[in-house]
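Student: Next up is a structure, given as structure tokens.
The values are calculated or read from the model by the stated rules, or taken from the named source; none is laboratory data. As the structure is a computational prediction, the values presented were derived from the model and not from experiment. Neighbour counts are summed over all protein chains in view; Cβ atoms, including those assigned to glycine, are modelled from backbone coordinates with ideal geometry. For the accessible areas, the whole protein counts, side chains as well, though only heavy atoms, and no ligand, DNA or RNA atoms are used. Shrake-Rupley method; radii C 1.70, N 1.55, O 1.52, S 1.80 Å.
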Amino acid sequence: MATSNSHRAAGRAVTPLRHSGRALRGTGGAALLGTVLLGSAFAGGAAQAAPAAPATVPSAATQAAAPAAPAPTQALHSSEKLRWGSQGASVEQLQSALNDEGSSLAVDGKFGPRTHGAVKDYQQANGLQVDGVVGPETRGSLNGSAPGVGGGGASVPAPASSSSSTGQAIVDAARTQMGAAYSWGSSNPGVSFDCSGLTQYAYKQVGIDLPRTSGQQVDAGTQISKSEAQPGDLVVWPGHMGIYAGGDKVVDAGRSPGAVTERTIWGNPTFVSFR
């Protein structure tokens with residue numbers, strides 16, 4: 001043992017130097033080995049403190065906070081029912097969500113024929129009711145049924161006063177055209193209308209853009225029972241339609257009597273709503 005120790009000169013502790021060198025190469029490299037280790041004379045100072053660098057590893061609190069990522073951009077945050085004629089930021093969110101599902105819509109906030117078709121395609125592909133209307137089920141599917149982000153819960157109905165005032169405004173707009181002549185294919189305020197031209201005109205006065213033909217308008221809305229009908233809803237017969245005025249009355253542009261009039265509902269029509 002004495003012979004072995006006699007070969008080591010003072011200050012040449014080779015083994016500690018090699019171990020510290022390995023530690024520092026993992027955290028700082030050869031430059032630290034020369035300046036920090038040798039200058040410390042193995043006092044356990046800077047060389048021993050180097051491994052403390054992992055203190056920068058995210059704390060438990062930081063890791064716990066990480067999953068709180070922003071909601072997906074395609075989430076539909078509004079609970080309002082969207083259909084043909086709807087406009088605004090909610091429609092832009094819908095269009096973005098549909099684009100994420102493979103559609104190629106212009107994100108313009110206008111629910112027109114292309115958005116209507118994309119909604120129906122999505123509904124068909126996902127086993128939903130194919131009606132082109134974005135209600136609770138379709139909205140929940142687009143949101144992945146995520147709770148709290150407009151998921152599958154029931155939609156919040158519009159205040160009754162708002163719905164009824166809009167419906168009455170539609171009726172009033174149609175009434176302003178009473179006396180205008182009936183003319184097939186026409187939509188000329190104060191002059192002439194056909195049945196779907198009048199309904200399109202009246203809805204447009206309250207900011208709802210309906211498609212032009214009666215068949216398209218029926219497809220864009222939701223069929224309801226007569227007991228559910230409110231003023232402003234559509235009254236539909238085969239090949240004809242008008243605007244429900246309440247009290248078993250309809251405002252329509254009829255081939256007979258050949259003008260826009262308000263008259264008693266006849267037969268067994270169906271009712272279509274855009275509420």
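Student: Could you grab the pairs with beta carbons closer than 8 Å, sequence gap of 6+ or different chains, first residue in the range 167-192 and part of a loop (DSSP other than H, G, I, E, B), second one open to solvent by 50 Å² or more (accessible area, probe 1.4 Å) and of a type in the set (D, E, K, R)?
Tutor: From residues that are part of a loop (DSSP other than H, G, I, E, B), the pairs are MET178/GLU262; TRP184/ARG255.
Student: Within the range 259-268, can one find any residue that is within 16 Å of SER196 (Cβ to Cβ) and among the aromatic types (Phe, Trp, Tyr)?
Tutor: no
Student: Taking helices (runs of 4 or more DSSP H) that do not extend beyond the range 68-143, which have at least 3 residues that are at pLDDT below 90 and under 18 Å from LEU210 (Cβ atoms)?
Tutor: Ranges flagged: 113-125.
Student: Give the range 146-164 a look and list any residue that's surrounded by 13 or more Cβ atoms within 10 Å (Cβ to Cβ) and modelled with pLDDT of 50 or more, or say none.
Tutor: Correct list: SER163, SER164.
Student: So how many residues does the range 216-238 have that are farther than 18 Å from GLY135 by Cα, open to solvent by 40 Å² or more (accessible area, probe 1.4 Å) and not hydroxyl-bearing (Ser, Thr, Tyr)?
Tutor: Within the range 216-238, residues that are farther than 18 Å from GLY135 by Cα, open to solvent by 40 Å² or more (accessible area, probe 1.4 Å) and not hydroxyl-bearing (Ser, Thr, Tyr) number 5.
Student: Also: Name the residue that is farthest from LYS120 (Cα to Cα), counting only residues in the range 239-258 that are open to solvent by 20 Å² or more (accessible area, probe 1.4 Å) and in contact with a Phe, Trp or Tyr (Cβ under 6 Å, 6 or more places away or on another chain).
Tutor: GLY258
Student: Also, I was wondering about something else. Answer with yes or no whether ARG275 is in contact with a Phe, Trp or Tyr (Cβ under 7 Å, 6 or more places away or on another chain) and open to solvent by 50 Å² or more (accessible area, probe 1.4 Å). Walk me through it before giving the result.
Tutor: Numbers: in contact with a Phe, Trp or Tyr (Cβ under 7 Å, 6 or more places away or on another chain): no; open to solvent by 50 Å² or more (accessible area, probe 1.4 Å): yes.
For ARG275, the condition - in contact with a Phe, Trp or Tyr (Cβ under 7 Å, 6 or more places away or on another chain) and open to solvent by 50 Å² or more (accessible area, probe 1.4 Å) - is not met.
Student: Determine, yes or no, whether GLY207 is under 23 Å from LYS81 (Cβ atoms) and out of contact with any helix residue (DSSP H, G or I) (no Cβ under 7 Å at 6 or more places or on another chain). Explain how you work it out, then say what you get.
Tutor: Working: under 23 Å from LYS81 (Cβ atoms): yes; out of contact with any helix residue (DSSP H, G or I) (no Cβ under 7 Å at 6 or more places or on another chain): yes.
For GLY207, the condition - under 23 Å from LYS81 (Cβ atoms) and out of contact with any helix residue (DSSP H, G or I) (no Cβ under 7 Å at 6 or more places or on another chain) - is met.
Student: Sticking with this one: How many residues are open to solvent by 60 Å² or more (accessible area, probe 1.4 Å) and either polar (S, T, N, Q) or under 16 Å from SER273 (Cβ atoms) (or both) if we restrict to the range 182-208?
Tutor: Qualifying residue count for the region: 2.
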